[in-house]
Amino acid sequence: MRLKFRPRSLKKQLLFFLLSSLLLVWGATVYVSYQQTRDEITKLFNAELAQSARVVHSFVENLLQQRRLTKLWDQDKSPDLFYMPILGHKYERKIAFQLRSVKEGVVLRSESAPEFALSLTRNGFSDTLINSQVWHVFSIGTENGDYVIHVGQRDDIRRELVASLANQELLAMLLAFPVLGLVIWLIVSRTLRPVNQLKEQLASREAGYLQPLSLDQLPEEVVPMVEQINTLFVLLEQAFANERNFTSDASHELKTPLAGLMTQLQVAQKTKDAAMRGQALQKCQQAVLRMTHMVQQLLTLSRVQHQ
């Protein structure tokens with residue numbers, strides 16, 4: 001059983017490969033952008049932690065020079081140096097400040113900070129796991145080495161911000177992809193319009209109309225194909241002309257022998273002379289032989305012209 005060949009659509013293939021390529025490239029771009037955004041956000045928050053810690057460090061150094069720092073907790077043991085009311089922002093409880101005495105431990109802290117030290121590092125960045133939450137901490141020590149300022153930030157702040165930016169990029173991609181798909185579809189359709197017009201022009205032709213196709217407004221890639229089709233039309237026109245000439249020649253060549261054959265048959269029918277009848281029949285036989293030979297020659301000529 002012979003399977004039926006199903007032609008592939010050039011338009012569908014172009015749309016499939018273009019949209020697939022767009023989706024892959026765009027997905028890779030979004031992934032790279034996500035990684036870069038995460039790294040930039042990490043650097044930004046680390047810089048913010050360091051800046052905040054240095055502000056507190058300057059404040060503490062000023063109090064140390066004035067010998068007023070210890071009075072803050074001698075008068076009242078409550079750690080209220082960094083106290084400020086929670087105003088309701090979701091990130092407020094995820095940022096913490098601590099002043100830790102090397103000898104006595106945490107002496108002052110913000111409301112969101114734990115009672116124990118955020119980190120044991122005296123200077124620089126560190127990460128701490130507190131109640132199943134990762135804290136990013138920047139620490140800086142005072143000049144006399146007696147105190148360390150810790151400024152901490154929970155990791156979920158960064159993750160939420162990165163996820164929010166990634167969701168925005170993904171949403172933008174999902175909204176823009178159908179629009180770009182429509183634009184690509186319009187471009188492909190417009191580009192293939194000459195091919196469709198050529199198809200319609202061929203489909204509307206009658207069987208005997210073999211005039212060359214017009215090459216106007218055809219794309220460069222289609223012109224060679226149309227030129228070959230026009231060449232085929234010329235060959236078909238020549239073949240049809242040869243057929244017409246053969247038919248005309250055959251009818252002309254057979255006309256004379258047939259007329260002679262008919263004449264001899266009429267003579268044979270009308271004469272009463274046996275000798276004359278025999279002579280007429282003999283000429284009829286000769287005419288048939290000549291016609292047979294002529295038909296063979298015409299058939300041979302037809303085969304040669306066909307080749």
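One table, with the values for the structure above:
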| item | result |
| --- | --- |
| Solvent-accessible surface (1.4 angstrom probe) belonging to V25, in square angstrom, nearest 10 | 90 Å² |
| Check: the chain dipole with +1 on Lys, Arg Cβ and -1 on Asp, Glu Cβ, in debye | 1820 debye |
| Selected from V102, A172, Q211, residue furthest toward positive end of dipole (the chain; charges at beta carbon) | Q211 |
| Rg over Rh, two decimals, the chain (C-alpha only, Kirkwood Rh) | 1.66 |
| Where only C-alpha atoms are counted, convex hull volume of the stretch 225-266 per residue in Å³ | 34 Å³ |
| Cα-centre dipole for the stretch 234-307 with unit charges at Cβ (Lys and Arg positive, Asp and Glu negative), debye to 20 | 440 debye |
| The stretch 160-260: trypsin sites (Lys or Arg not before Pro) in DSSP coil with no more than 14 other Cβ atoms inside 10 Å | R205 |
| Sequence-separation-based contact order of the stretch 102-151, relative, with Cα cut under 8 Å and 6+ spacing, percent | 30 percent |
| Net lengthening on full extension, N245/N123 (0.36 nm per residue, minus Cα-Cα) | 33.3 nm |
| GluC sites (Glu not before Pro) within the stretch 216-303: DSSP coil, no more than 16 neighbouring Cβ in 10 Å | E220, E221 |
| Accessible area (Å², 1.4 Å probe, nearest 10) - H252 | 120 Å² |
| Kirkwood hydrodynamic radius (C-alpha pairs) into Stokes-Einstein, the stretch 190-307, 25 °C and 0.890 mPa s, D in µm²/s | 130 µm²/s |
| Spatially close lysines, pair count over the chain: Cα under 26 Å, gap of eight or more or interchain | 13 |
| Solvent exposure ordering (accessible area, 1.4 Å, most first) of R109, R193 | R193, R109 |
| The chain, helix-only ellipticity at 222 nm - DSSP H runs n ≥ 4, -39,500 (n - 2.57), divided by all residues, nearest 500 | -22500 deg cm²/dmol |
| Length-normalised contact order of the chain in % [C-alpha pairs under 8 Å, at least 6 apart] | 13 percent |
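The values are calculated or read from the model by the stated rules, or taken from the named source; none is laboratory data. Quick caveat, the model's predicted, so the values are computed rather than measured. Don't worry about glycine lacking a Cβ; one is built from the backbone with ideal geometry, like all the others, and counts go over all protein chains shown. Surface areas here come from the heavy atoms of the whole protein model, side chains and all, with no ligands, DNA or RNA. Shrake-Rupley method; radii C 1.70, N 1.55, O 1.52, S 1.80 Å.
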